[in-house]
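The values are calculated or read from the model by the stated rules, or taken from the named source; none is laboratory data. Since the structure is predicted, the reported quantities are computational estimates derived from the model, not experimental observations. Cβ placement follows ideal geometry from the backbone for every residue including glycine, while neighbour counts extend to all protein chains displayed.
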Amino acid sequence: MKRFYTVLLLMITLISFSYQWEVFPGFFKPVDNLAMGGVYTTTVEGIGALILNPALYTAGFNLIVAPGISNNIAEISKLFPYISNPASLTELATDTNLLKAIQGVHNYDLNLAAGYGARIGNFVIGGIGAFQATAFWDLSLMRLNDVKLGAWMDYFGVVGGSVKFENLRFGASIGGGMAGFIIPATGTEFPATVDLLGSNPFEGIVPDDPSKIFTNINKPFFITSVGMAYDIDNLRVGLSFFANFNDILTGGPRYILSTGVSYTWQFLTVAAELEDLLNMQKTIFRKLNIGLKTDFGFVKLYGGMHAGWLTGGVKLDIPFVKIGFAAYVYEYSPYAGIGGEQRFVLSFDTKF
């Protein structure tokens with residue numbers, strides 16, 4: 001009987017939780033940090049530091065191209081023959097592997113960023129520009145009257161810098177951009193709720209005129225970030241705070257306070273972090289990120305745990321470009337290990 005109530009409670013939790021968005025306008029993690037279990041407060045490098053922890057911001061030019069895909073990509077690719085040949089749509093109902101892959105929570109996104117930082121004495125000052133796009137759905141064949149769909153885009157710019165006093169570093173940044181929903185095409189609720197059993201389920205949800213999609217990217221937002229890091233020999237402790245004062249996914253402000261510690265010994269770095277401390281909905285284990293990195297020069301290997309899920313990845317440092325890959329999990333529940341979506345993130349970046 002106790003086991004029955006445990007299962008029942010788990011089912012209620014899965015159905016009732018509000019989405020805890022892992023990616024949102026003005027804030028995304030590079031592939032290195034995703035592969036390391038999501039830790040970033042003491043380990044972020046490159047232009048991503050200007051947002052994640054400005055205290056670690058360093059000089060140089062950096063360009064990042066990072067598409068992210070859900071783990072159902074192999075089965076989802078089967079949809080293209082169905083779309084190109086409408087007469088074969090009847091076969092869709094008999095393809096159980098495809099139907100299984102479509103179900104659940106899935107997210108596809110693209111992150112682009114470029115920036116430059118210059119060193120002036122103990123200071124590093126610079127800025128970045130970035131673009132984000134994401135598509136999301138949550139589907140169950142048992143609840144076709146309650147399907148969640150969403151897609152949004154944004155672009156933004158950030159300026160800021162860092163300063164170092166012996167072992168102590170401080171940094172701050174400020175910026176803003178424009179964001180908006182593609183799906184739903186009207187309204188402000190994200191994601192949209194669709195009744196696939198209705199007579200016209202996509203009315204007002206999908207844009208009627210695709211040529212005017214970018215006109216929906218019309219909601220301004222402002223972001224700021226501050227951080228510090230302190231080094232004691234090979235040990236580093238850090239603290240970072242990020243704020244988006246008009247986040248479209250919440251319809252209001254969003255504040256993220258994170259703290260972490262890392263230790264580097266020769267080619268090995270281990271790190272632990274408590275992320276999003278101000279979020280009272282998340283449990284302590286949901287906020288816990290643990291990661292490690294081995295750096296052999298031309299190749300870096302990563303591993304970690306994010307919200308109860310294992311992560312991993314690799315990065316190749318070849319002339320003029322670095323190619324990274326991460327197997328990662330987005331946790332949409334406020335509880336660890338409950339509502340995860342397995343994902344793959346690929347990145348191409350250069351820094352000089």
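Annotations
- Of everything in region 203-233 that is small (Gly, Ala, Ser) and in contact with a strand residue (DSSP E or B) (Cβ under 8 Å, 6 or more places away or on another chain), the residue that is farthest from residue 246 (Cα to Cα) is 229.
- Restricting attention to region 24-48 and to residues that are assigned to a loop (DSSP other than H, G, I, E, B) and either among the aliphatic types (A, V, I, L, M) or free of Cβ contacts under 8 Å to residues at least 40 places away in the same chain (or both), the residue that is nearest to residue 309 (Cα to Cα) turns out to be 36.
- Scanning region 269-292 for residues that are of a type outside the set (Asp, Glu) and outside any loop (DSSP other than H, G, I, E, B) yields a count of 14.
- Residue 263 being closer than 17 Å to residue 30 by Cα and in a strand (DSSP E or B): no
- Only one of 190, 156 that is crowded, with 16+ Cβ neighbours inside 10 Å, part of a loop (DSSP other than H, G, I, E, B) and within 18 Å of the chain's Cα centre (by Cα): 190
- Residue list for region 59-74, filter: under 21 Å from residue 131 (Cα atoms), touching a Gly at 6+ places or on another chain (Cβ under 9 Å) and surrounded by fewer than 20 Cβ atoms within 10 Å (Cβ to Cβ): 60, 61, 63
- Screening the candidates 38, 48 for the property of being within 27 Å of residue 263 (Cα to Cα), touching a Pro at 6+ places or on another chain (Cβ under 6 Å), crowded, with 21+ Cβ neighbours inside 10 Å and modelled with pLDDT of 90 or more yields one hit, 48.
- The residue that is modelled with the lowest pLDDT, counting only those in region 10-23 that are outside any helix (DSSP H, G or I) and not hydrophobic (A, V, I, L, M, F, W, C), is 18.
- Counting only residues that are among the small types (Gly, Ala, Ser) and either in a helix (DSSP H, G or I) or buried (at least 18 other Cβ atoms within 10 Å of the Cβ) (or both), region 95-117 holds 4 of them.
- Those residues of region 283-307 which are on the phi > 0 side of the Ramachandran plot and either basic (Lys, Arg) or surrounded by fewer than 17 Cβ atoms within 10 Å (Cβ to Cβ) (or both), in sequence order: 297
- Just one of the listed residues (282, 219) is under 19 Å from the mean Cα position of the chain (by Cα) and basic (Lys, Arg), namely 282.
- Selection within region 94-146 - among the charged types (D, E, K, R) and without any contact (Cβ under 8 Å) to a residue 12 or more places away in the chain: 143
Conditions (1) of a type in the set (A, V, I, L, M); (2) at pLDDT 95 or above; (3) surrounded by fewer than 20 Cβ atoms within 10 Å (Cβ to Cβ), marked per residue:
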{"site": "122", "(1), (2), (3)": "no, no, yes"}
{"site": "125", "(1), (2), (3)": "yes, yes, yes"}
{"site": "144", "(1), (2), (3)": "yes, no, yes"}
{"site": "148", "(1), (2), (3)": "no, no, yes"}
{"site": "173", "(1), (2), (3)": "no, yes, no"}
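- Some residue of region 249-266 being closer than 14 Å to residue 22 by Cα and in contact with a Lys or Arg (Cβ under 8 Å, 6 or more places away or on another chain): no
- Residues in region 314-352 that are of a type outside the set (Asp, Glu), within 21 Å of residue 59 (Cα to Cα), assigned to a strand (DSSP E or B) and free of Cβ contacts under 8 Å to residues at least 60 places away in the same chain: 318, 321, 322, 323.
- Identity of the residue in region 266-282, modelled with pLDDT under 95 and over 24 Å from residue 26 (Cα atoms), that ends up surrounded by the most Cβ atoms within 10 Å (Cβ to Cβ): 267
- Check on residue 119, closer than 23 Å to residue 351 by Cα and of a type in the set (D, E, K, R): yes
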